[in-house]
Amino acid sequence: MSQSELEKISDFGLRIADSNTTDNPQSRVPSGCRNPQSPSARTLVALATYNEIENLPSLVDEILRVLPDADILVIDDNSPDGTGQWCDNRAAVEPRLHCLHRPGKQGLGSATLAAARFAMEHDYEAFVTLDADWSHDPRHVTELLRALDNADVAIGSRYCSGGGIEGWPIHRRVMSRWVNGLTRLLLRIPVRDASGAFRAYRVAKLREIRLEDIRATGYAYLEELLWHLHRAGAKFAEVPITFCDRRAGESKVNLREAWGKVGTLGRLWLRP
């Protein structure tokens with residue numbers, strides 16, 4: 001497939017529109033987690049991990065360099081590669097880092113919602129999510145936070161003017177464009193990139209929705225969370241980013257996750 005053909009398919013995807021999450025008490029407050037040390041620390045950055053030992057140490061260092069007053073919460077699903085143990089060791093000497101340990105893989109969606117509850121319970125003002133594999137450059141976090149001056153949700157967007165993708169094969173590009181086009185068509189969410197996890201939220205706006213109503217536990221939570229926020233009157237902003245394929249390790253995206261997105265979009269479309 002030529003580049004021109006890909007662009008036609010991608011543009012068409014945009015023109016189309018131009019399992020249950022439970023409130024697990026163990027996920028609400030990480031065992032042994034310290035309260036945020038600085039009263040001025042009003043931003044929480046969440047990183048959901050499973051086997052990210054090759055990426056997490058350098059990523060944590062960079063986030064703390066870019067946002068020296070922010071806190072980081074790592075939600076680790078019992079990674080066999082020692083990611084959780086590294087996090088505990090680092091947290092013992094770094095008061096800005098906290099770790100929530102879960103007994104096994106429970107999905108990106110449930111991990112992010114657990115982190116959102118932590119942000120609300122500890123009175124943070126901004127809640128930031130990004131992938132733990134260096135797909136999202138932490139230097140863009142400051143731009144997302146600035147965008148919250150005039151929005152409730154700021155999205156690091158691959159598909160607004162100035163955004164882009166590096167390292168993806170054609171089939172992933174086409175699928176991503178198609179899912180985003182379908183999201184705009186069915187759910188009427190006024191953003192071009194509804195499937196990206198690089199976001200900043202006003203915690204006050206998150207308080208206005210019922211997180212327990214979000215049923216998707218995997219990647220489909222990304223669209224479902226925006227749907228609930230849109231219904232609550234949230235204002236969205238998109239900040240251009242370049243998404244780069246992971247530096248190391250294996251992708252967690254699979255066919256089951258893709259079908260899960262389609263099922264979630266259909267379920268939300270049918271809701272009154």
Residue ID - surrounded by the fewest Cβ atoms within 10 Å (Cβ to Cβ), chosen from residues in segment 217-238 that are more than 22 Å from H140 (Cα to Cα) and of a type in the set (G, A, S): G233
The listed residue being within 14 Å of the chain's Cα centre (by Cα), under 14 Å from I72 (Cα atoms), buried (at least 17 other Cβ atoms within 10 Å of the Cβ) and modelled with pLDDT of 95 or more, out of F127, F118: F127
Odd one out for R192 among (1) modelled with pLDDT under 95; (2) basic (K, R); (3) assigned to a loop (DSSP other than H, G, I, E, B): (1)
Residue list for segment 199-246, restricted to those being of a type in the set (A, V, I, L, M, F, W, C) and part of a loop (DSSP other than H, G, I, E, B): I209, I214, A216, A220, A232, A234, I241
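Identify, from the list V203, V179, the residue that is among the β-branched types (V, I, T), at pLDDT 95 or above and surrounded by fewer than 22 Cβ atoms within 10 Å (Cβ to Cβ).
Matching residue, one of V203, V179: V203.
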Residues that are over 16 Å from P138 (Cβ atoms) and hydroxyl-bearing (S, T, Y), drawn from segment 53-112: S79, T83, S110, T112
Any chance G32 is over 18 Å from the mean Cα position of the chain (by Cα), more than 29 Å from W259 (Cα to Cα), at pLDDT 95 or above and surrounded by fewer than 16 Cβ atoms within 10 Å (Cβ to Cβ): no
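The values are calculated or read from the model by the stated rules, or taken from the named source; none is laboratory data. Nothing here was measured: the structure is a model prediction, and the numbers come from that model. Ideal geometry is used to build each Cβ from the backbone, glycine not excepted, and the neighbour counts take in all protein chains shown.
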